[in-house]
Amino acid sequence: MAQLIITATGSDRTGIVSDISKIITEKGGNIEESRMTQLAGDFAVIMLVTFDLPIDELENQLLTLSTLQITIKNATEKQFDDSRQTRQIVLNGADNEGIVHSVTEFLSKNNINIESMDTESVQAPISGTTLFRMQSIIQVPGDVEVHQLENDLTELGESLGVDLELNLVQ
């Protein structure tokens, strides 16, 4: 069985996921994991699919969905590192340019891998001010002192004018 990463983006419409999953199922594939979201007026899908080789028929059939931009690639085998600790970062505060870059640059410099990240901008209920929210699951190397990491993230949050928390993953 091959593992494939399938991504699809296009203008949002009813039935995108149904169309994609129908083709995958009809061609003998199985959706193992997926993330899907609407961004502005577009819809984006990323899926991990297991499939018996060859993949040409699956690829050809998916590409008939002409309203979508679709890419298919062989998945890279996941490497496990038992010394890494899983943590969650939660950020809330006023929206300003560069928040994502500042946080991800900090994580990269500290050899902390991002497993997942979700961000959104929302309007504050009373003031209407744009607020920014971020949640991220990270993998912290075993040689990183978690207490120091918490302090460093708090400092980073203060410099960005946001609340930044490091939590255990529940």
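The values are calculated or read from the model by the stated rules, or taken from the named source; none is laboratory data. Since we're looking at a predicted model, the values are computed, not measured. Glycine gets a Cβ as well: all are built from the backbone with ideal geometry, and neighbour counts include every protein chain shown. Accessible surface is based on the protein model in full, side chains and every heavy atom, while ligands, DNA and RNA are left aside. Shrake-Rupley method; radii C 1.70, N 1.55, O 1.52, S 1.80 Å.
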Subset of the range 142-170 that is touching a Ser or Thr at 6+ places or on another chain (Cβ under 9 Å) and at pLDDT below 95 - its residue that is surrounded by the fewest Cβ atoms within 10 Å (Cβ to Cβ): ASP143
Could you grab the pairs with beta carbons closer than 8 Å, sequence gap of 6+ or different chains, first residue in the range 7-21 and under 11 Å from PHE43 (Cα atoms) and open to solvent by 30 Å² or more (accessible area, probe 1.4 Å), second one part of a strand (DSSP E or B) and acidic (Asp, Glu)? THR9/ASP42; SER11/ASP42; ASP12/ASP42
For the range 26-51, enumerate the residues that are open to solvent by 90 Å² or more (accessible area, probe 1.4 Å) and more than 23 Å from the chain's Cα centre (by Cα). GLU26
Quick one: what pairs do we get from the range 71-93, first residue more than 19 Å from ILE112 (Cα to Cα), second of a type in the set (Phe, Trp, Tyr) and open to solvent by less than 40 Å² (accessible area, probe 1.4 Å), C-beta under 8 Å, 6+ apart or different chains? ASN92/PHE132; GLY93/PHE132
Just to be sure I understand, how many residues within the range 120-140 are without any contact (Cβ under 8 Å) to a residue 24 or more places away in the chain and among the polar types (S, T, N, Q)? 2
Output the residues belonging to the range 96-118 that are open to solvent by 70 Å² or more (accessible area, probe 1.4 Å) and either in contact (Cβ under 8 Å) with a residue 12 or more places away in the chain or in contact with a Gly (Cβ under 9 Å, 6 or more places away or on another chain) (or both). ASN111, ASN113, GLU115, ASP118
